Amino acid sequence: SKQYEVIVVQNDLNYVRFAFSMSKKVGNAVIRNYEKRVCREFIRREKDVCRKGQDILIVIKHQSKNFHEI
């Protein structure tokens, strides 16, 4: 999507590793932490879909539109 980029790399481990990356241009610390919390919650709910032996990097490119609606 325009907001996220997902990079998946195979590893030799028996579990999945996740990482998040974003620029300071995304917003202030409050917004960046919110974006990471949203991604963590998505991963928590969908972790059964991921196959073991992968490194998954989620690059957050833009701020969510609904942040100010909370």
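The values are calculated or read from the model by the stated rules, or taken from the named source; none is laboratory data. Every value quoted in this text rests on a predicted model; they were computed, and no experiment measured them. In this analysis, Cβ positions are derived from the backbone assuming ideal geometry, glycine residues included, and neighbour counts consider all displayed protein chains. Note: areas computed on protein heavy atoms with side chains; ligands, DNA, RNA excluded. Shrake-Rupley method; radii C 1.70, N 1.55, O 1.52, S 1.80 Å.
Please find, within the stretch 1-41, the residue that is farthest from Ile60 (Cα to Cα) out of those that are charged (D, E, K, R) and open to solvent by 70 Å² or more (accessible area, probe 1.4 Å). Walk me through how you get there before you give the answer.
Start the filter on the stretch 1-41 by keeping residues that are charged (D, E, K, R), which leaves 2, 5, 12, 17, 24-25, 32, 35-37, 40-41.
Filter once more, so that each one left must be open to solvent by 70 Å² or more (accessible area, probe 1.4 Å): 2, 5, 12, 17, 24-25, 37, 40.
Working: Lys2: 9, Glu5: 7, Asp12: 26, Arg17: 17, Lys24: 11, Lys25: 10, Arg37: 12, Arg40: 12 Å.
So the residue we want is Asp12.
Considered as a group, the residues in the stretch 50-70 that are modelled with pLDDT of 80 or more and among the aliphatic types (A, V, I, L, M) include one that is surrounded by the most Cβ atoms within 10 Å (Cβ to Cβ), and that residue is Ile60.
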